[in-house]
1. Compare Arg181, Arg77, Arg188 by solvent-accessible area with a 1.4 Å probe and give them largest first, with all protein chains kept in place.
2. Set the Förster radius R0 to 41 Å, insert the Cβ-Cβ distance between Ala13 and Arg188 as r into 1/(1 + (r/R0)^6), and round the FRET efficiency to 0.05.
3. Whole number in Å², please: accessible area per residue of the chain, 1.4 Å probe, ligands, DNA and RNA not counted.
4. Compare Ile17, Ile135, Ile28 by solvent-accessible area with a 1.4 Å probe and give them largest first, with all protein chains kept in place.
5. Can you bin region 116-172 into rounded, prolate or oblate? Criterion: square roots of the alpha carbon gyration tensor eigenvalues sorted a ≥ b ≥ c, rounded for a/c under 1.5, prolate for a/b above b/c, oblate for the rest.
6. If I take every Cα pair under 8 Å that is 6 or more residues apart in the chain, average their sequence separation and divide by the length, what percent do I get for the relative contact order?
7. Apply the Karplus curve 6.51 cos²θ - 1.76 cosθ + 1.60, θ = phi - 60°, to the phi angles in region 204-213 and return the couplings in whole Hz, x for Gly and Pro.
8. Sorted by accessible area with a 1.4 angstrom probe, largest first, how do Val78, Val14, Val198 fall?
Amino acid sequence: MDIISSLPAFALAVVLISASPGPAMALILRRAALRGFSGAVPTVLGLEAGLYVWALLASAGIASLVAASEVAYLALRVVGGAFLVYLGIKAWRSAWPSRRGEESVEILPPDAGPGSSWWKAFGEGAVVMLANPKIAAFMIAFYPQFVPADRPLFATTALLAAFQVAIEIVLYLGLAAVVGRAGAWFRRPAIRRRLDAVSGTVLLALGVRMAAESR
């Protein structure tokens, strides 16, 4: 298979996979709704950094070891699930602010730049992606279909992963831009409480599911 001719199929597969609901989508939607487009940027970049690391690990054979090891797979599953539960609990706690603090809840300015909040959001996205063992199994099964036999595995996978990251960044930031335009409405106290409650429930459910389900 020629790698150039396989790119359209690869891009279509990436778009379909990216559009599926999951922890990444839940994080991006919540962040964009409460912090606007600029607030969602570090979350998207963190998620994609984690994805690219998994792609490199897959091409180096390390992801195969993780997927094959019961202990490593279980450990990642528990860590990833626990982190999602932690994020869900955080969202639930912010869903019920005190009456005295309600006025401050209404206005949440977008993240201005690479401060502590920016890097915290980036780190959350990266951890959510890196602590998901299903990504390791996905990489092992997905990329070899598009790597020609006569091409170097590591370099070709790195290029394909960069292409996937570029596609997903465009898609996710486009979604964040759409949601962010309604940010003023989402940041109204009553709406924000409902959004936090719903997103917290989704993250909790995803975390419990990740930690509890088998391969």
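The values are calculated or read from the model by the stated rules, or taken from the named source; none is laboratory data. Bear in mind that the values here come from a model prediction, so they are computed numbers and not experimental data. Heads up, the Cβs are rebuilt from the backbone with ideal geometry, glycines too, and the neighbour counts pull from every protein chain shown. Note: accessible area is taken over every heavy atom of the protein model, side chains too, but ligands, DNA and RNA are not part of it. Shrake-Rupley method; radii C 1.70, N 1.55, O 1.52, S 1.80 Å.
1. Numbers: Arg181 215, Arg77 40, Arg188 120 Å².
Descending accessible area places them as Arg181, Arg188, Arg77.
2. Numbers: r = 39 Å, r/R0 = 0.94.
Efficiency, rounded to the nearest 0.05: 0.60.
3. Values: 10900 Å² over 215 residues.
That works out to 51 Å² for each residue.
4. Working: Ile17 65, Ile135 30, Ile28 0 Å².
Solvent-accessible surface, decreasing: Ile17, Ile135, Ile28.
5. Working: a/c = 2.74, a/b = 1.91, b/c = 1.43.
Taking the square roots of the gyration eigenvalues as a ≥ b ≥ c, region 116-172 is prolate.
6. On the way: 283 pairs, mean separation 97.5, N = 215.
Relative contact order for the chain comes out at 45 percent.
7. 4, 4, 5, x, 4, 5, 4, 6, 9, 6
8. Details: Val78 70, Val14 0, Val198 90 Å².
Of Val78, Val14, Val198, the descending order of accessible area is Val198, Val78, Val14.
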